[in-house]
1. When you scan segment 157-183, how many residues do you find that are over 14 Å from Asn140 (Cβ atoms) and loosely packed, with under 12 Cβ neighbours inside 10 Å?
2. Just wondering, is there one or more residues in segment 81-96 that are surrounded by fewer than 14 Cβ atoms within 10 Å (Cβ to Cβ), at pLDDT 95 or above, of a type outside the set (Ser, Thr, Tyr) and farther than 30 Å from Asn130 by Cα?
3. Specify the residue that is nearest to Asn140 (Cα to Cα); the eligible residues are those in segment 1-31 that are under 17 Å from the mean Cα position of the chain (by Cα) and small (Gly, Ala, Ser).
4. Say whether the condition of being small (Gly, Ala, Ser), within 25 Å of Ser169 (Cβ to Cβ), surrounded by fewer than 16 Cβ atoms within 10 Å (Cβ to Cβ) and at pLDDT 95 or above is met by at least one residue in segment 33-56.
5. Can you spot a residue in segment 182-190 that is outside any helix (DSSP H, G or I), without any contact (Cβ under 8 Å) to a residue 24 or more places away in the chain and either within 23 Å of Ala103 (Cβ to Cβ) or of a type outside the set (Gly, Ala, Ser) (or both)?
6. Would it be correct to say that Thr11 is over 21 Å from Thr117 (Cβ atoms) and touching a residue at least 24 places away in the same chain (Cβ under 8 Å)?
Amino acid sequence: MQTFDQLSLHTPRLLLRPLRAEDAQGLFDMFSDAEVMRYWSTPPWPTIDEAHAMIARDLNAMPAGEYLRFGLEHVDDQTLIGTCTLFSISSTCRRAEVGYGLASAAWGKGYMNEALTALLDYGFSEMKLNRVEADIDPRNHASAKSLERLGFTREGFLRERWIVDGVVSDTALYGLLQSDWKARQTSCVQ
């Protein structure tokens, strides 16, 4: 069984690392922002208690290998700017879902592409995943572009899948295979 509580990954601008108690305020600032949460399957966080609860869940789940969640720390100023997660991990099917969130001040700068590239590299190489899936609100064009830039293919559409604070929304399902990821990485090197 893989454990994730001691794992960290590095990119040119980011440190991907497990969340810590001192991240609570940064998480709350991000996930209480209505713009950040606009397309999520949950409403904005009303209190910092949700941040503390997320960190507490990670302290139990990450050593057990239940899921992998990284805080995205900007290396220049050590600011927490986002999170990315591999969850619903099926070792039998070698499949996981990916989730991610980014502080609005960090939007449009390529941080999530950088973070997800490192996360997917780890998932496909070290975790031996065969498939990674994403479930996004189809109105979230920025997220769709991010996934497509990484090689994900839109594979499905589920009508009225979510109801968040009384708002009904659809789901666009995306998938990425290990074989596609490896082919893409090989073509980028050449």
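1. Matching residues across segment 157-183 total 7.
2. no
3. The residue in question is Gly26.
4. Yes, some residue in segment 33-56 is small (Gly, Ala, Ser), within 25 Å of Ser169 (Cβ to Cβ), surrounded by fewer than 16 Cβ atoms within 10 Å (Cβ to Cβ) and at pLDDT 95 or above.
5. Among the residues of segment 182-190, at least one is outside any helix (DSSP H, G or I), without any contact (Cβ under 8 Å) to a residue 24 or more places away in the chain and either within 23 Å of Ala103 (Cβ to Cβ) or of a type outside the set (Gly, Ala, Ser) (or both), which makes the answer yes.
6. Against the criterion (over 21 Å from Thr117 (Cβ atoms) and touching a residue at least 24 places away in the same chain (Cβ under 8 Å)), Thr11 does not qualify.
The values are calculated or read from the model by the stated rules, or taken from the named source; none is laboratory data. Note that the coordinates shown come from a computational prediction; the quantities given were computed from them, not determined experimentally. So basically every Cβ, Gly included, is an ideal-geometry build from the backbone, and we count neighbours across all protein chains shown.
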